[in-house]
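The values are calculated or read from the model by the stated rules, or taken from the named source; none is laboratory data. Since we're looking at a predicted model, the values are computed, not measured. Glycine also receives a Cβ, built like all others from the backbone with ideal geometry; neighbour counts cover every protein chain displayed.
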Amino acid sequence: MARRTGALRRARDIPDAESLLRLLLMHVVNGYSLAETAARAGQLGMKLSAVALFKRLRASEEWLRWLAEQQRGRQSVPVESQGRPVRLVDATTVSEPGSTGTDWRVHYVVNLANLQCDFFELTDVKGGETLRRIPIRPGDIMLGDRIYATPFGVAHVKTAQADILVRLNRQSLPVFDAQGNQLDVLRLFRKLEVGQIQQWSAQVRNPSGGWITGRLIALKRSAEATRLARRRLEINASKKQKTLSRESWEAAQYFFVWTTLAAKFDAPGVLELYRLRWQVELAFKRMKSIMGLGHLPKKDPASARAWLHGKIFASLLVERMVEAADKFSPWGYRLDSAAQSMEGD
């Protein structure tokens, strides 16, 4: 594949794909500069300059993307969710040096059964966060934050014969009663007591026509939780130089989601299930704090994409290694079990 994608066109300076991957991971994962990586390559008997190594990195973009694809978790063992797989979707951003805004976005899906990535995509800043870019299988339960609460995203999930559970965005996903009248959700919530959970039948419009039925589920927060939520809203509004609306201030008293899951998933169980979405946030935290994904030391688009795919490959490889480590004793492998291959398809 290294030869097929153009990463290893000739073996004059670098003898084989293994040596090339070793050099790329020195630069991408260890954080060595191009000059230091080239110097270490010289110690390994490979004579090439920093410029030559930079060209190799640019040519390896597709190969590194393919390597990362091979490390995606493929197990679909369901967790305690009525025997169905639960997939957590989110995206994180990475900026280049001196950037005044977002330059790249990593779209990421984590399978809750094994906490491994089962889909990812790298796009530029124009690549919006939407469920429509994610392949969905029948029976999946897709968990997402407010940004994924759109009629098009909901329709995409239901067309695939799956279900969705999202934080309700009152602007992008209006909900309606059985007669087609838009619900004033804040008016419904005002009757709740602290700690009380309530649910209502609420449907959304299908962009292709008709309705998609579901449930609106809400919980009233405690005074302390409300104070913290409002403080986060104030900080976010200050960063964006916006005025916090009265409706948003009132909505901070409640935590509410919308789902197409059947009634056999009771309201408290649905809220408990949504709490697990934070596992994808923890995955981003590991990639940025441990693997160094948060800072992109590249300005050339091709080398930036190659660097990011290399980081994702290394992160997914670590996930596979952790999974393998759960299956053998610290004193060594069992004699009656075969070693797990770390290679992809």
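Scanning region 293-317 for residues that are farther than 16 Å from residue 118 by Cβ and in a helix (DSSP H, G or I) turns up 301, 302, 303, 304, 305, 306, 307, 308, 309, 310, 311, 314. Filtering region 99-114 to residues that are surrounded by fewer than 17 Cβ atoms within 10 Å (Cβ to Cβ) and in contact (Cβ under 8 Å) with a residue 24 or more places away in the chain leaves only 101.
For region 231-251, residues that are under 25 Å from the mean Cα position of the chain (by Cα) and small (Gly, Ala, Ser) total 1. For residue 324, the conditions (1) touching a strand residue (DSSP E or B) at 6+ places or on another chain (Cβ under 8 Å); (2) of a type in the set (Gly, Ala, Ser); (3) modelled with pLDDT under 75 are fulfilled apart from (1). Taking region 107-128 as the range and being β-branched (Val, Ile, Thr), over 17 Å from residue 143 (Cα atoms) and modelled with pLDDT of 85 or more as the test, only 123 passes. Count of region 115-134 residues, restricted to those that are polar (S, T, N, Q) and surrounded by fewer than 19 Cβ atoms within 10 Å (Cβ to Cβ), is 2. Can you say whether residue 273 is of a type in the set (A, V, I, L, M), in a helix (DSSP H, G or I), surrounded by 20 or more Cβ atoms within 10 Å (Cβ to Cβ) and out of contact with any strand residue (DSSP E or B) (no Cβ under 6 Å at 6 or more places or on another chain), as far as the supplied structure shows? Against the criterion (of a type in the set (A, V, I, L, M), in a helix (DSSP H, G or I), surrounded by 20 or more Cβ atoms within 10 Å (Cβ to Cβ) and out of contact with any strand residue (DSSP E or B) (no Cβ under 6 Å at 6 or more places or on another chain)), residue 273 qualifies. Would you point out the residue of region 86-136, among those that are touching an Asp or Glu at 6+ places or on another chain (Cβ under 8 Å) and of a type in the set (Gly, Ala, Ser), that is farthest from residue 322 (Cα to Cα)? Ranking the candidates gives 127 first. Taken over region 152-182, the residue count meeting the criterion of being of a type in the set (Lys, Arg) and not in a strand (DSSP E or B) is 2.
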